[in-house]
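Let me begin by presenting the structure, written as structure tokens, before commenting on it.
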Amino acid sequence: MPSWRHVTRGLRSLLNRSAADRDIADEVEHYFDEAAAVLRSKGLSAEDARRAVRLEFGHANNVQERVRAYGWENVVDTVGADLRHAARQLSRRPAFALAAVATLALGIGATTAVFSVVYSVLIKPLPYPNADELVRIRHSDIHGERSFSETMYLTYREENRTFASIGLWHETAGDADRPR
Amino acid sequence: MDANTDVIQGTLDMLILKTLSLEPMHGFGIARRVEQISRGVFKVNPGSLLTALTRLERAGWLDSEWRETANSRRAKYYALTRSGKRQLEAETADWTRRAAAVARILKSEA
């Protein structure tokens with residue numbers, strides 16, 4: 001179960017990294033000193049005790065780094081550092097940066113243009129109420145689509161038991177949005 | 001076989017909670033107690049221990065407090081919270097169940 005402390009402690013060390021780092025350094029140092037003190041009480045010299053502790057636990061800095069690496073706030077830190085690094089690298093090579101931005105702009109622009117056409121032609125609902133209930137009646141047989149005569153339309157309209165109503169439109173050049 | 005082994009994977013949290021159920025302690029105190037009570041079988045690595053302490057504190061199972069030590073140094077002391085105590089009971093019960101199951105398997109005639 002995640003606790004609110006994950007949030008508050010993480011924020012605290014994010015907002016005051018140096019204090020958090022100092023706490024970790026103090027804690028590790030205290031740990032190492034206590035370990036050395038135990039060895040000294042067994043008769044080792046101060047120098048030998050320190051060396052033995054270092055041999056056993058590795059360098060204090062490594063231990064600090066390991067403890068410091070815990071927590072979600074380090075992800076924020078790392079991502080921030082990556083972004084700063086990227087910005088520096090790009091500003092150092094403006095020609096490359098420009099080429100990258102232009103490539104992105106062209107790519108995004110072309111995709112948007114194609115999508116807006118596809119959307120208005122294929123996806124956008126027709127401008128009528130309950131547009132999703134509209135269907136188009138076609139006549140076809142094995143030879144393909146057949147034309148639809150006006151008398152056929154009248155017959156369909158009289159015999160209709162399936163649709164709420166049936167209408168007819170005629171394709172002409174001009175405004176295709178208006179029913180005719 | 002090496003007499004000192006690392007703490008069994010996944011049991012460090014339980015050992016920390018158990019050790020702190022006696023009294024509040026600082027990091028090295030916990031490591032030393034675990035080594036002593038296990039008669040040197042388990043060796044605790046400071047990197048793992050201090051990270052685990054941070055994790056357990058954030059989980060709300062431990063509270064920590066900086067205290068002045070006898071030689072006027074500051075040391076971070078950890079204490080078990082009430083929910084830490086409940087967690088210890090749950091983990092102990094779970095561990096006992098698993099250990100008994102493993103023991104039954106190892107003792108069974110193949």
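Any read-out appearing in this document is the output of simple, stated calculations on the displayed coordinates, not a laboratory observation. Computed from a predicted structure; not experimentally measured. Cβ coordinates were reconstructed from backbone atoms using ideal geometry, including for glycine residues, and neighbour counts include every protein chain displayed.
Couple of notes before you dig in:
- Working note: Karplus 6.51/-1.76/1.60 with θ = phi - 60° gives region B:81-92 the couplings 8, 5, 6, x, 5, 4, 4, 4, 4, 5, 5, 5 Hz, where Gly and Pro are set to x.
- Counting only alpha carbon atoms, the long axis of helix A:17-41 and the longest principal axis of chain A meet at about 40°.
- Dipole magnitude of region A:78-180, debye to nearest 20 (Cβ charges: Lys/Arg +1, Asp/Glu -1, about Cα centre): 840 debye
- Ranked A:TYR70, A:TYR31, criterion: other C-beta atoms within 10 Å, fewest first: A:TYR70, A:TYR31
- Once backbone amide H atoms are built at 1.01 Å from N, B:ARG74 has B:THR69 as its partners under 5 Å, excluding neighbours fewer than 5 places away on the same chain.
- Only helical runs count toward this figure. For chain A, summing -39,500 (n - 2.57) over DSSP H runs of n ≥ 4 and dividing by all residues gives -21000 deg cm²/dmol at 222 nm.
- In degrees, nearest ten, helix B:46-58 long axis to first principal axis of chain B (Cα): 80 degrees
- Chain B - convex hull of the alpha-carbon atoms, volume per residue in Å³: 121 Å³
- For region A:52-63, putting each phi into the Karplus relation 6.51 cos²θ - 1.76 cosθ + 1.60 with θ = phi - 60° gives couplings of 4, 5, 4, 4, 6, 9, x, 6, 4, 4, 5, 5 Hz, in residue order, rounded to whole numbers and with x for Gly and Pro.
- Qualifying GluC sites (Glu not before Pro) in region B:20-110, DSSP loop, other Cβ atoms within 10 Å at most 15: B:GLU109
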